[in-house]
Amino acid sequence: MTQSDAPEKVLPTPRRLDPEDAQRALEEVQECLRRQQLVEDLVHRQEQSDTKGRLVEDLVHRQHEAELTTLVNNLHPADIAFILESLPKAQRQTVWRLVDPTHDADVLLEVEDWVRESLIEAMDRQDLVAATGNMDADEIADLAPDLPPDVVAEVQKGLTDEERAQLLEAMGYPEDSVGAIMDFEMVRVREDVTLEVVLRYLRRLHELPDHTDQIFVVDRQDKLQGVLPISTLLVSEPESEVRPVMNTDYLALNPLDSDADAASAFERYDLVSAPVTDDQGRLIGRVTIADVVDVIREDSQEQALSRAGLQEEDIFAPVASALRNRAPWLLFNLCTAATASFVASRFEDTVSHIVILAFLMSIVAGIGGNSGNQTMTMIIRALAVGRITGRNIWQLVKREMLVTLMVGLCGSVVAALFAWGISDSISIALVMMAAMVCNMLVGASFGVMVPMLRARFGKDPAMGSSVLLTFATDSLGFFIFLGLATLFLV
């Protein structure tokens, strides 16, 4: 985007929208873009001189551009990001060019990774340097993987020595670690000063860092000694020293800890912020609830996609890109479905003698899959929050099998009554009942084993889990049901 040489204009204060208002803003943007495209198409079809047509088109284009500019720049950066994520790439670039440069940095930090890449591609080097120049070191580190190396190098030149060291430190931590999400902006004081001194120091600051609920107390070597909650600071006598009123019972994170573990700690202890210390106990940063919410949201999205064998992608990505993302697991699913059909075909004589079995076996497979999905969801959730250990895994397996058995016995009675009703055969009803219980136990077994084995080998427990479960419950469900029917009915 091109920086304007005109005097700096005062933009309206961006308003934060609730989800419904953001949806309406998206619809307004889409309608404006539709009208703009419609008028441009009409102008091109008119039988008039090229010069006149271009003038009319230019006038209409400027009117719609002014309307879009006003609409978009009146929004909060988070809502601008939502709109950009909801538009096809061509329209996204059109709207992005109209976003005021003062919002660029905030929008880049808000959008999803797959959108950020396309936005950065549309910006020239000067705009990228300007957008990232006013960011904090931790924010630049978040964007660094998507920025051209020469832009990162240029931005580093404008940082202080301390900021440059913080940036290099943040970029050196693994992607899913506490160090990658920690914030370097925080308030620290010494333990031998009075609360009055602390209050005077805070009043000299322009503003407190976001989500500051506690002040960190350090010694001369920056080793963390305790935390001073803001609430304690406000209600204590100003003449008191920090040492007797600070809390020494606090949770400190290590920069190499998993961000998922940090999120679990925030959820468990209702934290707003937490200090990050190195192996020597020196305070190097902090993690806030805002960072943790982002981690929880991203993990939730990844799990939902992984269970279907998908990776995050642009919903308007080219067809070739979508095929590369979706085809592997779909082809695998085709193989598993073919295997299930092959199993069923081995019992062709049984099905030809008792045709009603062809209508009932899908029930056995479907109920087994649903039962396994329930168990698998519980296991994946327990793995995500760290509740499964070597000491409780077998207890958990036995519990899930018992629950599945009890539910299966109850459900199989209903299924047996249904089978009896449409076949008028007690034998078919009993076979249906036994097969349904057995396949539900198969589903529960695979619901436990698949995520546990993938986690054991360092893989995402949710990746493709539903596909693998469906393979097991379909193939073994057909085998159990038709096998029992062959033994007892033919």
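The values are calculated or read from the model by the stated rules, or taken from the named source; none is laboratory data. Nothing here was measured: the structure is a model prediction, and the numbers come from that model. We place every Cβ from the backbone using ideal geometry, glycine too, and count neighbours over all the protein chains shown. To get the accessible areas, we keep the full protein, side chains included, count just its heavy atoms, and leave off ligands, DNA and RNA. Shrake-Rupley method; radii C 1.70, N 1.55, O 1.52, S 1.80 Å.
Sorted by mean Cβ packing within 10 Å, highest first, what order do the peptides 479-488, 456-465, 441-450, 388-397 take? Write down the numbers at each step before the final one.
Working: 479-488: 20.0, 456-465: 16.7, 441-450: 23.3, 388-397: 11.9.
Ranked by mean Cβ neighbours within 10 Å, highest first: 441-450, 479-488, 456-465, 388-397.
Using only the heavy atoms of the protein chains and a 1.4 Å probe, how would V490, V364, V193 rank by accessible area, largest first? Before the final figure, lay out each step's value.
Working: V490 100, V364 0, V193 40 Å².
Final ranking, largest accessible area leading: V490, V193, V364.
Subtract the Cα-Cα distance of T160 and N254 from 0.36 nm times their separation in residues, and report this length gain in nm to one decimal.
The T160-N254 span can extend by a further 31.3 nm.
Once Rh for region 143-230 is found with the Kirkwood sum over Cα pairs, what is the Stokes-Einstein diffusion coefficient at 25 °C and 0.890 mPa s, in µm²/s?
Rounded, D is 159 µm²/s.
Could you pull out the longest piece of the chain with no exposed loop GluC sites (Glu not before Pro) in it, calling a site exposed if DSSP puts it outside H, G, I, E, B and it has at most 12 other Cβ atoms within 10 Å?
Longest stretch, sites excluded: 240-490.
Of the beta bridges DSSP finds with both residues in the chain, what % are antiparallel, to the nearest 5?
Numbers: 15 of 20 bridges.
Antiparallel: roughly 75 percent of the beta bridges in the chain.
Can you give me the pair-distance distribution of the chain, C-alpha pairs, 20 Å bins, whole percents?
With 20 Å bins starting at 0, P(r) equals 17, 37, 30, 14, 1.
So if we plug the beta-carbon distance of I422 and S352 into 1/(1 + (r/R0)^6) with R0 = 22 Å, what FRET efficiency do we get, rounded to 0.05?
Numbers: r = 18 Å, r/R0 = 0.83.
Working from the Cβ atoms, E equals 0.75.
How many nm separate the modelled label positions at A337 and T389, each set 7 Å beyond the Cα in the direction of the Cβ?
Calculated label separation equals 4.4 nm.
Suppose a student asked you for the relative contact order of the chain, using Cα pairs under 8 Å spaced at least 6 residues apart; what percent would you report?
Computed over the chain, the figure is 11 percent.
Please calculate the 1.4 Å probe accessible area of M452, with all protein chains present, and give it to the nearest 10 Å².
40 Å²
From the alpha carbon gyration tensor of region 188-308, can you work out the equivalent ellipsoid semi-axes (sqrt of 5 times each eigenvalue) and give them in Å, largest to smallest?
Values: eigenvalues 199, 47, 27 Å².
Each semi-axis is the square root of five times an eigenvalue, giving 32, 15, 12 Å.
Express in nm, to one decimal, how much length is gained between L405 and R326 on full extension, taking 0.36 nm for each residue of separation and deducting their alpha carbon distance.
Separation in residues times 0.36 nm, less the Cα-Cα distance, equals 24.9 nm.
Can you give me the Rg/Rh ratio for region 96-142, using Cα atoms for both radii and the Kirkwood formula for Rh?
Working: Rg = 9.9 Å, Rh = 10.8 Å.
My calculation puts Rg/Rh at 0.91.
If you take the charge dipole of the chain about its Cα centre, with +1 on Lys and Arg Cβ and -1 on Asp and Glu Cβ, which of L405, S475, F488 is farthest toward its positive end?
Towards the positive end, the residue furthest out is F488.
Within the chain, which DSSP H helices have Cα atoms that stretch 30 Å or more along the helix axis and a mean Kyte-Doolittle hydropathy of at least 1.6?
Numbers: long enough: 19-45 (39 Å, -1.01); 50-73 (33 Å, -0.70); 319-345 (36 Å, 0.81); 356-384 (43 Å, 1.18); 393-423 (42 Å, 1.38); 426-456 (45 Å, 1.63); 465-488 (34 Å, 1.68).
Membrane-span-like by this rule: 426-456, 465-488.
Which residue, chosen from P174, L143, I380, occupies the Cα position most advanced towards the positive end of the dipole of the chain, where the dipole is computed from +1 (Lys, Arg) and -1 (Asp, Glu) charges on Cβ about the Cα centre?
I380
Out of the trypsin sites (Lys or Arg not before Pro) in region 213-293, which ones are loop residues according to DSSP with at most 16 other C-beta atoms within 10 Å?
Filter output for region 213-293: R220.
When the solvent-accessible surface of protein heavy atoms is calculated with a 1.4 angstrom probe, in what order do C32, C438 fall, highest first?
These residues rank, largest area first, as C438, C32.
Mind counting lysine pairs for me in the chain? Cα separation below 30 Å, and the two need to be 8 or more apart along the chain or on different chains.
4
Do any chymotrypsin sites (Phe, Trp or Tyr not before Pro) in region 152-217 lie in a DSSP loop with no more than 11 other beta carbon atoms within 10 Å, and if so, which?
Taking region 152-217 and a limit of 11 other Cβ atoms within 10 Å, no loop chymotrypsin sites (Phe, Trp or Tyr not before Pro) are found.
Add -39500 (n - 2.57) for each DSSP H run of 4 or more in the chain, then divide by its residues: what number comes out at 222 nm, to the nearest 500 deg cm²/dmol?
-21500 deg cm²/dmol
What do the square roots of 5 times the Cα gyration tensor eigenvalues come to for region 398-463, in whole Å, largest first, as semi-axes of the equivalent ellipsoid?
That gives 33, 11, 7 Å for the three semi-axes.
Calculate the translational D of region 360-490 in whole µm² s⁻¹ from Stokes-Einstein, where the hydrodynamic radius comes from the Kirkwood formula applied to all Cα pairs, the temperature is 4 °C and the viscosity 1.567 mPa s.
Value of D from the Cα-based Kirkwood radius: 86 µm²/s.
E207 to A90: extension gain in nm, 0.36 nm per residue of separation minus the Cα-Cα distance?
Details: separation 117, 0.36 × 117 = 42.12 nm, distance 3.96 nm.
38.2 nm is the gain from fully extending E207 to A90.
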